[in-house]
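The values are calculated or read from the model by the stated rules, or taken from the named source; none is laboratory data. As the structure is a computational prediction, the values presented were derived from the model and not from experiment. Heads up, the Cβs are rebuilt from the backbone with ideal geometry, glycines too, and the neighbour counts pull from every protein chain shown. Protein only, heavy atoms only, side chains kept; ligands, DNA and RNA dropped before computing areas. Shrake-Rupley method; radii C 1.70, N 1.55, O 1.52, S 1.80 Å.
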Amino acid sequence: MIAVLLTLLALPFALAGLVLAIGALAALVITLRVGAANPPAGPFVTITGGRLATLQDGPANGPPVVLLHGASANASDPMEGIGRRLAAQGFRVIAFDRPGFGWSDRIAGGDAAAPSVQAGMIAEALNRMGVGPAVVFGHSWAGALALALALDHPKRVSALALAAPVAMPMPDRMPDLPWYWRFAIKPPVAWVLSRTIGPPIARRFLPEAARRVFKPQPAQADYPDLARSDLVLRPETLLANVQDLLGLSRALAAQSPRYGRIHIPTLVISGEADPIVRADAQAVPLARAIPGARLVLLPGIGHMLQYVAAERVTEEIIRLAAATNAAGSEPAVAH
């Protein structure tokens, strides 16, 4: 009888182990296939602790524009949305894979979830490349990153283009999550899940995620291939994505009181119909917080404005660059 009871008690653990083992095999296959289908497409920049991957286009002597992508993405997202257009206009365009995304190393591990830490890495890369000051474009999560770059490394930034930016303090939603989600995002558990069942589950929901992020516009049919969306399915990127999203609320609370010190041409552009990052909660108050910032709200446009309103966003960045040249070499941050 005792043997039967022990067997019954052990059965759930055995099943869980089997599921994780199958998931680990699936994760390995997905990782290998995704990497083979989406190899590095631009030069790496070596910095302290590892390498950052880039995509680059445009003339080497053109005015520099740096593109920073949001969550669940990589350098291809902004490059294929607006980067090629800017390059055709004579700009030197440099799009970074953020640390842990695309082909960039997750330097500093979980500590890299802070925009300020990532900003230090981007600044070091730009310094080694001899680039800057540059117009810096940040979409969504990278709005906070672009702002951190301007605040902490002002010599690298001549102007800011913040698209659907996440930048203002927001409530911590952790206490509202069901217990099983709170358990799943604990560091050791998240590490295991990202390397087992995480990739196959994420692969199943990736098309729906693309549809949701494009709303109210229809998802662009060629977006997954253009943006190389499958790169987010690899375990280290899944984990980095979770860390970045969970750490953002605390980072914004610390960073946002400093926005009034920014004194460079700044564009804040957002879709009025964005269901992911609401303009009234983020773009509008952010534009008020930065002295002289110009706010552009696009009627009927959602979160992926660098695709569904690519021409308008490109025009606004060109206008911003012209304003930057007219402003001369003003310091990015007033001390």
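Are any of the residues in segment 49-59 in a loop (DSSP other than H, G, I, E, B), open to solvent by 60 Å² or more (accessible area, probe 1.4 Å) and touching a residue at least 40 places away in the same chain (Cβ under 8 Å)? Walk me through how you get there before you give the answer.
Restricting attention to segment 49-59, the residues satisfying the condition of being in a loop (DSSP other than H, G, I, E, B) are 49, 58-59.
Then drop every residue that is not open to solvent by 60 Å² or more (accessible area, probe 1.4 Å), which leaves 49.
When the remaining residues are screened for being touching a residue at least 40 places away in the same chain (Cβ under 8 Å), the result is 49.
Looking for residues that are in a loop (DSSP other than H, G, I, E, B), open to solvent by 60 Å² or more (accessible area, probe 1.4 Å) and touching a residue at least 40 places away in the same chain (Cβ under 8 Å), one finds at least one in segment 49-59, hence yes.
Scanning segment 297-317 for residues that are touching a helix residue (DSSP H, G or I) at 6+ places or on another chain (Cβ under 9 Å), crowded, with 20+ Cβ neighbours inside 10 Å and free of Cβ contacts under 8 Å to residues at least 60 places away in the same chain turns up just one, LEU298.
Pairs meeting the criteria (first residue in segment 60-71 and within 18 Å of THR314 (Cα to Cα) and open to solvent by 30 Å² or more (accessible area, probe 1.4 Å), second residue among the hydrophobic types (A, V, I, L, M, F, W, C) and assigned to a strand (DSSP E or B), beta carbons under 6 Å, at least 6 apart or on different chains) are PRO64/ALA134.
Considering segment 208-218, and only residues there that are of a type outside the set (Lys, Arg) and not in a helix (DSSP H, G or I), the residue that is most open to solvent (accessible area, probe 1.4 Å) turns out to be PRO218.
Any residue in segment 72-86 that is open to solvent by 20 Å² or more (accessible area, probe 1.4 Å) and at pLDDT below 95?
Checking segment 72-86: at least one residue is open to solvent by 20 Å² or more (accessible area, probe 1.4 Å) and at pLDDT below 95.
Exactly one residue among VAL242, VAL189, VAL232 is modelled with pLDDT under 90 and touching a Phe, Trp or Tyr at 6+ places or on another chain (Cβ under 8 Å), and that residue is VAL189. Only one of the numbered conditions (1) over 16 Å from GLY100 (Cα atoms); (2) assigned to a loop (DSSP other than H, G, I, E, B); (3) open to solvent by 50 Å² or more (accessible area, probe 1.4 Å) is violated by PRO39, and that is (1). Only residues that are in contact with an Asp or Glu (Cβ under 8 Å, 6 or more places away or on another chain), more than 12 Å from LEU206 (Cα to Cα) and surrounded by fewer than 19 Cβ atoms within 10 Å (Cβ to Cβ) were counted in segment 219-237, giving 1. Filtered by the rule that a residue be among the hydrophobic types (A, V, I, L, M, F, W, C), surrounded by fewer than 22 Cβ atoms within 10 Å (Cβ to Cβ) and within 20 Å of the chain's Cα centre (by Cα), segment 249-273 gives ALA251, LEU252, ALA253, ALA254.
Could you please find all residues in segment 87-113 being open to solvent by less than 30 Å² (accessible area, probe 1.4 Å) and acidic (Asp, Glu)? Scanning segment 87-113 gives a single hit, ASP97. Every listed requirement among (1) modelled with pLDDT of 95 or more; (2) of a type in the set (Gly, Ala, Ser); (3) in a helix (DSSP H, G or I) is met by SER270 save one, (3).
One line per residue, one yes/no per condition, for (1) touching a residue at least 24 places away in the same chain (Cβ under 8 Å); (2) assigned to a helix (DSSP H, G or I):
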{"site": "VAL192", "(1), (2)": "yes, yes"}
{"site": "ILE201", "(1), (2)": "no, yes"}
{"site": "GLN220", "(1), (2)": "yes, no"}
{"site": "LEU238", "(1), (2)": "yes, yes"}
{"site": "LEU252", "(1), (2)": "yes, yes"}
{"site": "ASP274", "(1), (2)": "yes, no"}
{"site": "PRO285", "(1), (2)": "yes, yes"}
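Please find, within segment 89-134, the residue that is nearest to ALA150 (Cα to Cα) out of those that are out of contact with any helix residue (DSSP H, G or I) (no Cβ under 7 Å at 6 or more places or on another chain) and in a loop (DSSP other than H, G, I, E, B). Per the stated criteria, the residue is VAL131. When PRO171, PRO178 are screened for being farther than 27 Å from ALA293 by Cα, at pLDDT below 95 and open to solvent by 40 Å² or more (accessible area, probe 1.4 Å), only PRO178 passes.
Per this entry, SER158 is counted among residues that are more than 21 Å from ARG51 (Cβ to Cβ), at pLDDT 95 or above and surrounded by 18 or more Cβ atoms within 10 Å (Cβ to Cβ). Checking each residue in segment 138-155 for being outside any loop (DSSP other than H, G, I, E, B), surrounded by fewer than 24 Cβ atoms within 10 Å (Cβ to Cβ) and not charged (D, E, K, R) picks out LEU151, PRO154.
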